[in-house]
Structures are given as structure tokens and as C-alpha cells.
Amino acid sequence: MSVAENFKAVQNRLAAAARRAGRDPSAIRLVTVTKTVDLDRIREAAAAGASVLGENRVQEAKEKIEALGRIASWHLIGHLQTNKAKYAVKLFDLIHSVDNLVLAMEIDKQAAKNGKVQDVLIEVSIAGEAAKAGVSIGDTVRLVREAAGLKHIRVLGLMTMPPLSNDPEDSRPYFRKLRDLAHAVRKEGIAGISMNELSMGMSGDFEVAIEEGATLVRVGTAIFGER
Ligand SMILES: *Cc1c(COP(=O)(O)O)cnc(C)c1O
């Protein structure tokens, strides 16, 4: 199947999963993950309707965005090193992967320089020590509170990556915990943030993520094939 056909198929699966869960499909945004994908196939996805593109490395994204321009909204979904924050702020509409205060402060500083308020998600390590990136569940409220105090950052929600598995059902408890955590953060009534976005679910488990409340699903392989 072509990229366009794959893209439509994923959109249809997304909509079907939303309806099964009694949700409005338009409340879920598909982030088309373009890491390692060449420019022609990215153009093809955009032409098929991909309106949000996700990259996991700043340098790779920079080259692509310079070549393609703003054919879509670009999101950073991968780990961000503090020393790359200055580029990330220029390139991305949403950064999914803020997991420490030093990084949040650097994004804030760079956003201020650019006259921008940078939208971010807080990446949470639901799996605990097994995960490479993400703030722990126990430290999430504190990080959100601290980030909320930064004027050039706007926290919109949470992101997580469950441990890799071939069974999508294995991801469900992690997705549920992220949703519950967002609910707990909301109850704190922290000023200056919103907690409406849940970035969770990839090619193997995005339908389960939608059933558990995802508002952003990050899908690469199901659209472009194996990397
Ligand atoms: C690569 C990647 C994805 C997409 O994974 P697929 O299994 O190819 O859909 C999603 N999220 C992050 C953070 C990634 O790095």
C-alpha cells in the first residue's frame, strides 16, 4: 500500500476506535511520525492530509523543516537535550518530552528570546526505572507546578511511552495510569496550565490508547512501514 493509503487506513482505525469508546474522532489528533522518512514520502503523507508531523531528533527535524517548510505543524516527540532547546523552540509547535525543570527553564528562556510561548507536554515515566526518559509519577505534580511558573511555557498535558510489547493490551494499564495522573494534576488547580492533552499510543497500541483517553497518538510504522 502507498503512504496515502496507509495514512487513510490509520485515520479510519483511529475514528473506529474513537467511536467504540464513545468519543468524537475529531478530539484525537494523529501525529504522523516522520523520523528516518525521506522528504518525498513526507510530502506524500502531507498531501494525504497529515497535518501534524512528529520528529524525535532536533537535527534531523531542522533539516527536514528547512527543506519542506511549514507543510504541517511540527511536533518534537523524542528526548530533548537542554543544549538543543534553542533550536527546538524555533522549530516546533509542541514539545512532547519535557521531563525536568532545567530543560523547562531553558525552553522558557529561549522562548522568551523568540517572543513565543512554547506549548509543551510533560513526559512521564509510568514504567518507572525501566524507562529511559520521563519524570516519575511521584514528581509530576511538582514539575508541572514549577513549569507553570515559567511565563514562556504553557503546559498542555502529559505524554508517556510504555515498555515495548507485541500485545497492545500490555500498554493499557500504563495509558490508564497516565489518564489518572492527568486527572490528579487537574485537581491540584494549578494556575496557568491546562491538562487536556494525553500523548500516548504508537503503531502497535494507538487504538487501546484512544480507548483510554489519548488526544494525540504518534504513529510512524503503520503509515510508512518498518524503519
Ligand atoms: C518512533 C516513535 C513513535 C512511533 O512509533 P511507531 O511504532 O513507528 O508508530 C512514537 N513516539 C515516539 C516518541 C517515537 O520515537
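Test Glu129 against the criterion of being open to solvent by 70 Å² or more (accessible area, probe 1.4 Å) and modelled with pLDDT under 95, and give yes or no. Here the answer is yes, as Glu129 does meet what is asked. The set of residues from the range 144-155 being surrounded by fewer than 21 Cβ atoms within 10 Å (Cβ to Cβ) and under 26 Å from Lys90 (Cβ atoms) comprises Glu146, Ala148, Gly149, Lys151, His152, Arg154. Quick check on my filter: what residues within the range 142-171 are part of a loop (DSSP other than H, G, I, E, B) and either away from the ligand (no atom under 12 Å from the Cβ) or within 16 Å of the chain's Cα centre (by Cα) (or both)? Across the range 142-171, the qualifying residues are Gly149, Leu150, Lys151, His152, Met161, Pro162, Pro163, Asp167.
Residue count for the range 9-53 satisfying the condition of being touching a helix residue (DSSP H, G or I) at 6+ places or on another chain (Cβ under 6 Å) and of a type in the set (S, T, N, Q): 2. Pairing each residue of the range 186-198 that is over 15 Å from Glu146 (Cα atoms) with any residue that is among the basic types (Lys, Arg) and open to solvent by 60 Å² or more (accessible area, probe 1.4 Å), provided the two are 6+ apart or on different chains, yields C-beta distances under 8 Å for Leu198/Arg179.
Scanning the range 190-222 for residues that are β-branched (Val, Ile, Thr) and under 22 Å from Ala46 (Cα atoms), we see that the one that is farthest from the ligand (Cβ to nearest atom) is Thr215.
Close Cβ contacts (under 6 Å, 6 or more residues apart or on different chains) running from residues in the range 1-20 that are closer than 17 Å to Val37 by Cβ to residues that are open to solvent by less than 40 Å² (accessible area, probe 1.4 Å) and polar (S, T, N, Q) are absent.
Those strands (runs of 3 or more DSSP E) of the range 1-103 in which 2 or more residues are in contact with a Leu (Cβ under 6 Å, 6 or more places away or on another chain) occupy 29-33, 73-76, 94-98.
For the condition basic (Lys, Arg), away from the ligand (no atom under 13 Å from the Cβ) and open to solvent by 10 Å² or more (accessible area, probe 1.4 Å), Arg41 qualifies. When the residues of the range 175-208 are filtered to those that are closer than 17 Å to Arg20 by Cβ and out of contact with any Ser or Thr (no Cβ under 7 Å at 6 or more places or on another chain), the one that is surrounded by the fewest Cβ atoms within 10 Å (Cβ to Cβ) is Arg176.
When restricted to residues that are open to solvent by 30 Å² or more (accessible area, probe 1.4 Å) and within 21 Å of Met195 (Cβ to Cβ), the range 91-115 contains 4.
Here is the figure for the range 79-108: residues that are more than 14 Å from Val135 (Cα to Cα) and among the small types (Gly, Ala, Ser) total 2.
Under 7 Å between Cβ atoms, which residue pairs at least 6 apart in sequence (or on different chains) link something in the range 35-63 that is more than 13 Å from Gly220 (Cα to Cα) with a partner that is loosely packed, with under 15 Cβ neighbours inside 10 Å? Going by the 7 Å Cβ cut-off, the qualifying pairs are Leu39/Ala67.
The values are calculated or read from the model by the stated rules, or taken from the named source; none is laboratory data. Just so we're clear, the structure is a prediction, and the values are computed from it rather than from any experiment. Because the Cβ atoms are built from the backbone with ideal geometry, glycine has one as well, and the counts that use them run over all protein chains shown. Accessible surface is based on the protein model in full, side chains and every heavy atom, while ligands, DNA and RNA are left aside. Shrake-Rupley method; radii C 1.70, N 1.55, O 1.52, S 1.80 Å.
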